[in-house]
Amino acid sequence: MTPATILIVEDEAIVALDLQRRLQQLGYRVPSTAGSGEEAIRLAGQMQPDLVCMDIGLRGDMDGIEAAVQIRTRFGIPSILLTAYSDVKTRERAEAVSLAVFLTKPFEDEDVLNAIQAVLSDRE
């Protein structure tokens, strides 16, 4: 079975590299990372990953919620939202556009694995 391909969208390079390494150790393919919503949309179109792990706070004019919505709308690719802040307004905004899978930083590998498996099983 081919491992799922995941695109990481995180504006802090060291965090992106750490998550990339962790996901690869869990058996996933993580060929690229992005630091902005615009870059995430471009890479998602090129890569067609199975899933996007998306930070909410990103460089540029677009946040992770908006980028995740555009990626889902344009390419049908689901996202898991990663955030250091789990305030009610952010959660409500994400839930309003059906992006309710949140992981609050810092998170454990098991939390990431469970979220990924849940999202990918919904796609089957």
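So the values come out like this:
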quantity	calculated
Sole residue being touching a Lys or Arg at 6+ places or on another chain (Cβ under 6 Å) and β-branched (Val, Ile, Thr), chosen from Thr5, Thr104, Thr83	Thr5
Test: residue in region 17-25 that is surrounded by 20 or more Cβ atoms within 10 Å (Cβ to Cβ) and either farther than 22 Å from Asn114 by Cα or charged (D, E, K, R) (or both)	no
Some residue of region 7-17 being of a type outside the set (A, V, I, L, M, F, W, C), free of Cβ contacts under 8 Å to residues at least 60 places away in the same chain and over 17 Å from Ser79 (Cβ atoms)	yes
Candidate set from region 1-16 (those that are outside any loop (DSSP other than H, G, I, E, B) and surrounded by fewer than 18 Cβ atoms within 10 Å (Cβ to Cβ)); member that is modelled with the highest pLDDT	Thr5
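The values are calculated or read from the model by the stated rules, or taken from the named source; none is laboratory data. All of these numbers come straight from a predicted model, not from anything done at the bench. Glycine also receives a Cβ, built like all others from the backbone with ideal geometry; neighbour counts cover every protein chain displayed.
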